[in-house]
1. Of all residues in the range 186-201, which are touching a residue at least 60 places away in the same chain (Cβ under 8 Å) and over 11 Å from the mean Cα position of the chain (by Cα)?
2. Considering only residues that are aliphatic (A, V, I, L, M), open to solvent by less than 30 Å² (accessible area, probe 1.4 Å) and part of a helix (DSSP H, G or I), which ones fall in the range 49-88?
3. In the set Glu173, Glu150, which member is within 22 Å of Thr246 (Cα to Cα) and crowded, with 18+ Cβ neighbours inside 10 Å?
4. Any residue in the range 258-287 that's among the hydroxyl-bearing types (Ser, Thr, Tyr): show its pairings with residues that are at pLDDT below 95 at Cβ separation under 9 Å, as long as the two are six or more apart or on different chains.
5. Can Asp259 be described as under 17 Å from His162 (Cβ atoms) and either open to solvent by 60 Å² or more (accessible area, probe 1.4 Å) or under 16 Å from the mean Cα position of the chain (by Cα) (or both)?
6. Look at the range 176-187 and say how many of its residues are open to solvent by less than 10 Å² (accessible area, probe 1.4 Å), touching a Phe, Trp or Tyr at 6+ places or on another chain (Cβ under 7 Å) and aliphatic (A, V, I, L, M).
Amino acid sequence: MVGSLSSPPPGAAPDWTVPQDWPRYTAEEHALWDDLFARQAALLPGRVAPAFLAGLDMLRLSRPGIPDFSELNERLFAATRWTVVAVPGLVPDAVFFEHLANRRFVAGRFLRTRAQIDYLEEPDIFHDVFGHVPLLADPVFADYMQAYGEGGLRSMRFGALHKLARLYWYTVEFGLLRDGGDLKLYGAGIVSSRTESLFARDDPSPNRLGFDLLRLMRTNYRIDDFQETYFVIDSFEDLLRQTIETDFEPLYAALETLDDLAPADVLAEDLVLHRGDQSYARGRRPA
Ligand code: PHE
Ligand code: FE
């Protein structure tokens with residue numbers, strides 16, 4: 001969660017963290033978490049990366065309801081030395097990257113309301129914790145997230161943050177994974193959404209293209225609707241290897257000379273796993 005304010009709000013620590021205040025969640029909020037959890041847990045087997053399901057056990061804590069971060073962190077830290085920390089809302093880019101680089105995942109502590117069960121604009125604790133935490137228990141994905149934080153701090157020195165942000169978007173938030181001849185979901189924005197969990201993998205509308213670092217960092221994305229293109233990685237190992245072994249400085253320089261691509265563009269050189277008909281996106285646009 002990234003924003004543009006520059007000093008922490010009252011009550012937050014200098015690193016922008018706040019206590020989770022777990023006792024303040026209401027019975028209604030715990031019940032809504034359970035409903036969201038049950039819905040996704042029913043939908044995801046067979047659709048999601050096996051590593052996500054393995055990590056999900058982490059969130060089945062001693063009692064139902066919204067996880068208490070202190071209890072969650074004992075298990076998560078034991079698995080991969082990551083922890084989850086609460087923040088009051090959007091945090092500045094450098095703060096976000098600094099936490100990731102130190103294996104701390106920043107999470108909102110508020111839960112959506114029942115009226116927002118299917119769509120909300122700002123990430124809440126269900127998105128941040130259900131969506132992101134399971135894969136933080138995977139050793140390879142855990143290393144990718146740390147490397148991304150370090151890469152984020154570095155990108156700021158080249159004024160290239162918004163290019164690198166596309167990598168986060170198309171992997172951590174909206175990534176798909178090849179699994180034999182099948183596709184599996186792993187992006188947190190997908191797996192925390194009932195509707196996008198169905199759309200991203202099974203709908204004919206969006207493109208599904210093979211992962212290519214430079215191509216991906218040229219590509220704009222939609223923040224207000226389902227994606228028009230998803231990028232598909234071969235494995236978390238491959239994603240980690242490609243990103244840590246590549247020096248991004250020359251990529252950032254190359255991107256200066258290349259035009260940005262629209263979310264639905266398909267190029268001759270793309271590895272097209274599925275050419276979307278964009279029927280959904282077309283129906284959403286004013287004529
Ligand atoms: N290797 C990247 C760089 O040179 C850092 C990075 C690693 C970025 C992993 C994203 C993900 O900046
Ligand atoms: Fe997210």
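1. Ser193, Arg194, Thr195, Ser197, Leu198, Phe199, Arg201
2. Ala51, Leu56, Met58, Leu59, Leu72, Leu76
3. Glu173
4. Tyr280/Asp225
5. So Asp259 passes the test.
6. 1
Conditions tested, residue by residue: (1) without any contact (Cβ under 8 Å) to a residue 40 or more places away in the chain; (2) more than 16 Å from ligand 1 (Cβ to nearest atom); (3) farther than 20 Å from Val191 by Cβ.
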site	(1), (2), (3)
Ser205	no, yes, no
Arg208	no, yes, no
Phe226	no, yes, no
Arg241	yes, no, yes
Ile244	no, no, yes
Tyr252	no, no, yes
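Matching residues to (1) touching a Phe, Trp or Tyr at 6+ places or on another chain (Cβ under 9 Å); (2) more than 27 Å from Gly210 (Cα to Cα); (3) touching a residue at least 60 places away in the same chain (Cβ under 8 Å); (4) away from ligand 1 (no atom under 14 Å from the Cβ):
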site: Leu61; (1), (2), (3), (4): no, yes, no, yes
site: Gly65; (1), (2), (3), (4): yes, yes, no, yes
site: Leu76; (1), (2), (3), (4): yes, yes, yes, yes
site: Phe110; (1), (2), (3), (4): no, yes, no, yes
site: Tyr148; (1), (2), (3), (4): yes, no, yes, no
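The values are calculated or read from the model by the stated rules, or taken from the named source; none is laboratory data. What you see is a predicted model; the values in this text were computed from it and never measured. No Cβ is skipped: glycine too gets one built from the backbone with ideal geometry, and neighbour counts run over all protein chains shown. Side chains included, ligands, DNA and RNA excluded: accessible areas come from the protein's heavy atoms. Shrake-Rupley method; radii C 1.70, N 1.55, O 1.52, S 1.80 Å.
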